[in-house]
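Everything below concerns the one structure shown next.
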Amino acid sequence: MEYVLRTNALSKSYRNFQALKGVSMNVPQGAIYGFVGKNGAGKTTLIRLICGMQEPTSGEYTLYGRKNTQKEIVKARRRMGAIVETPSIYLDMTAEGNLRQQYRILGLPSFEGIGDLLQLVGLAHTGKKKAKHFSLGMRQRLGIAVALAGDPDLLILDEPANGLDPQGIIEIRELILRLNRERQITVLISSHILDELSKLATHYGFIDNGCMVREISAAELEAACRKCVRMQVSDTKALARVLDGLDIAYKILSSDTADAYAKLNVSQLASLLEKENCELISMQERDESLESYYVSLVGGDKNA
Amino acid sequence: MRKLLSANFSRLWKNKTFWLCMGAMLVYALVYMLNGVRQATVSLTQYHRSLDDYYFQFALAIGMFAALFCSMFLGTEYSDGTIRNKLITGHTRAGVYLANLVVTFVATLLMIAVWLVAALVGVPALGFWEMGVPHLLGYLLTAVFFVASFSSIFTFISMLSANKTVTVAISIFLFLGLLIMASMMYNGLQQPEMASSVELTMDGGMQMGEQQPNPAYVSGAKRVFYEFMLDFLPTGQGILMWQLQIANYLRMILSSVALTIVPTVCGIVIFRRKNLK
């Protein structure tokens, strides 16, 4: 697998506070990488380091094969666009003015792509309206348009859904999916809105208290979070024999409790258990989610 | 850096603070010069006034304009977060710093240019400069250099403080502090060495008393220090220019060069290590 971004034991300290403690992270090319963690877990700090706004205390990262200690990292950064915390836009300029400014910063020879970018983020109609009069969602989309100027291969979005209304969140989600599918842009997106992230991400990285707790692909997460039926029976050995006979995956949790990973025909199961002299006491369908997976990983309250 | 300069100048031409400063400079020059013309042409005036007496008044005020403009223009980069766009897209910190310095320097020079052109409104009444072309060029060259030092100092503050309001306050207070310091030194140097008191006579008249040493006279090492500081500080140079008392062009220009280079080098070193948000 080819990676656009890899960090190796990346640490960052501010005086007596260690914000990152040896974080190693791998963002595959073409992925939508969901970076999950509580407020203050270190998500924004890591993004700041990658964007060159701060220097790591120790450790290193590689962006498109260039280490942060190499001079060529500057060239590698030209392949990325980012929004860190808030959209970086001039509030006294129009949407088009902001994009023209970014095109100049990038040294692009013409302003040809600006109309398409505004169309892409749904701001083509804003005309002479200045960014300071935009809604939060419009500013966020303008920030994404600015980050997209110069056709980056990697887009880093730090909490892009923060402060947006439900419609705004949907618009941003659809935009990110479109950019990933149509333009093959790799997206690193940090968020603590897990439900929203689960609709987008192909890979996840879970960070807690400055440490990377786990990296996992969406497929692996789905397998880990697969739906199961929790059963309470009088004899789990008998249950195991029945489930083996039905070729159903299961996990014995205690002498009377087990999880079965499949949709069950209740009457068939009850009848088979009866033949084994086993009583089916209760059944409960459990729907594991990204949220419960996250909670099981980092513990604590459910608000990431 | 060419790309950054292009972006900075494009923003400059649309920047409200810049045009407000330019407009204020224009109005200031016109009002000041026309008032000077009125003073110089009233029939009872006993002093000879020339264009020179009014033409370099900008030297006193340009520091305030530079402080205000630099802190507002560069402070926006932090308040709007747009400085991040420059770094994320791969520009070096030194490049970002120098491009900002260049644009503030040019903007402040343009403000002076507005004054110099607008102040020519006094020519029909006051005539052309009486100081002669070499001195005129010397004064203008000195102005260019002390504007560079002002730009360097205020760019230093603006690039290292991430809070726009704090940046504006520090810049303005620093300028006022330097101006007050230079004024006090200038006033000290203007004191005569000997002074005589005025005495009342028995018949109700007045007469000059005997000349005595003036206790306020600044002498010795302190005088040398004051003279050096007036030539060294951009505010001191401004006062001397306004009063047409520039004596040592080379020392002033070298001082300005030092005050341009030192803050810039220190600023780049600190800015490269600064944790940006």
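The values are calculated or read from the model by the stated rules, or taken from the named source; none is laboratory data. Computed from a predicted model, the values in this text were never measured in an experiment. Virtual Cβ from ideal backbone geometry, glycine too; neighbours counted across all protein chains shown.
Key figures for this structure:
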read-out	value
When residues of segment B:205-223 are limited to those that are modelled with pLDDT of 80 or more and part of a strand (DSSP E or B), the one nearest to B:MET184 (Cα to Cα)	B:PRO213
Matching residues, segment A:228-281, being aromatic (Phe, Trp, Tyr) and out of contact with any helix residue (DSSP H, G or I) (no Cβ under 7 Å at 6 or more places or on another chain)	A:TYR261
Test: residue in segment B:122-131 that is touching a strand residue (DSSP E or B) at 6+ places or on another chain (Cβ under 8 Å) and either outside any helix (DSSP H, G or I) or within 14 Å of another protein chain (Cβ to nearest Cβ) (or both)	no
Index of the failed condition, A:SER110 passing every other in (1) at the interface with chain B (Cβ under 10 Å from one of its Cβ atoms); (2) free of Cβ contacts under 8 Å to residues at least 12 places away in the same chain	(1)
Any hit, segment A:39-46, residues being under 16 Å from A:LEU157 (Cα atoms), surrounded by fewer than 22 Cβ atoms within 10 Å (Cβ to Cβ), away from every other protein chain (no Cβ under 12 Å) and modelled with pLDDT under 90	yes
Residue count, segment A:108-131 (criterion: more than 29 Å from the chain's Cα centre (by Cα) and under 15 Å from A:MET93 (Cβ atoms))	6
Count of residues meeting criterion [over 14 Å from the mean Cα position of the chain (by Cα) and either within 18 Å of A:ALA218 (Cα to Cα) or touching a residue at least 60 places away in the same chain (Cβ under 8 Å) (or both)] in segment A:179-196	3
Test: residue in segment B:205-224 that is touching a helix residue (DSSP H, G or I) at 6+ places or on another chain (Cβ under 8 Å), away from chain A (no Cβ under 14 Å) and hydroxyl-bearing (Ser, Thr, Tyr)	no
Given (1) surrounded by 21 or more Cβ atoms within 10 Å (Cβ to Cβ); (2) more than 14 Å from chain A (Cβ to nearest Cβ), number of the condition B:LEU26 does not satisfy	(1)
Residue in segment A:74-84 that is surrounded by the fewest Cβ atoms within 10 Å (Cβ to Cβ), counting only those that are more than 7 Å from every other protein chain (Cβ to nearest Cβ) and either part of a loop (DSSP other than H, G, I, E, B) or modelled with pLDDT under 90 (or both)	A:ARG79
Matching option when the condition is facing another protein chain (nearest Cβ under 7 Å), surrounded by 21 or more Cβ atoms within 10 Å (Cβ to Cβ) and at negative phi, among A:TYR90, A:TYR103	A:TYR90
Complete set of residues in segment A:20-44 that are in contact (Cβ under 8 Å) with a residue 40 or more places away in the chain and out of contact with any His (no Cβ under 9 Å at 6 or more places or on another chain)	A:LEU20, A:LYS21, A:GLY22, A:VAL23, A:SER24, A:MET25, A:GLN29, A:GLY30, A:PHE35, A:GLY42, A:THR44
Some residue of segment A:47-55 being exposed (fewer than 15 other Cβ atoms within 10 Å of the Cβ), under 25 Å from B:GLU77 (Cα atoms) and out of contact with any His (no Cβ under 8 Å at 6 or more places or on another chain)	yes
Among the residues listed as B:THR142, B:THR165, B:THR155, the single one being hydroxyl-bearing (Ser, Thr, Tyr), surrounded by fewer than 17 Cβ atoms within 10 Å (Cβ to Cβ) and in a helix (DSSP H, G or I)	B:THR165
Number of positions in segment A:119-135 that are surrounded by fewer than 20 Cβ atoms within 10 Å (Cβ to Cβ), away from every other protein chain (no Cβ under 13 Å) and either among the hydrophobic types (A, V, I, L, M, F, W, C) or over 19 Å from A:GLY150 (Cβ atoms) (or both)	9
Matching entry among B:GLY95, B:GLY81, B:GLY90 (being under 30 Å from A:GLY143 (Cβ atoms), within 14 Å of chain A (Cβ to nearest Cβ) and in contact with a Pro (Cβ under 9 Å, 6 or more places away or on another chain))	B:GLY81
Search result, residues across segment A:9-48 that are assigned to a strand (DSSP E or B) and closer than 18 Å to A:LEU221 by Cβ	A:MET25, A:ASN26, A:VAL27, A:PRO28, A:ILE32, A:TYR33, A:GLY34, A:PHE35, A:VAL36, A:GLY37
Neighbours by Cβ (under 9 Å, 6+ apart or cross-chain): first from segment B:56-78, within 14 Å of another protein chain (Cβ to nearest Cβ) and of a type in the set (A, V, I, L, M, F, W, C); second buried (at least 24 other Cβ atoms within 10 Å of the Cβ) and outside any helix (DSSP H, G or I)	none
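So that you can scan it fast, the table gives a plain yes or no per residue for (1) under 23 Å from B:GLN190 (Cα atoms); (2) within 14 Å of chain A (Cβ to nearest Cβ); (3) not in a helix (DSSP H, G or I):
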{"position": "B:THR235", "(1), (2), (3)": "yes, no, no"}
{"position": "B:ILE246", "(1), (2), (3)": "yes, no, yes"}
{"position": "B:MET252", "(1), (2), (3)": "yes, no, no"}
{"position": "B:SER255", "(1), (2), (3)": "yes, no, no"}
{"position": "B:VAL265", "(1), (2), (3)": "no, no, no"}
{"position": "B:VAL269", "(1), (2), (3)": "no, yes, no"}
{"position": "B:LYS277", "(1), (2), (3)": "no, yes, yes"}
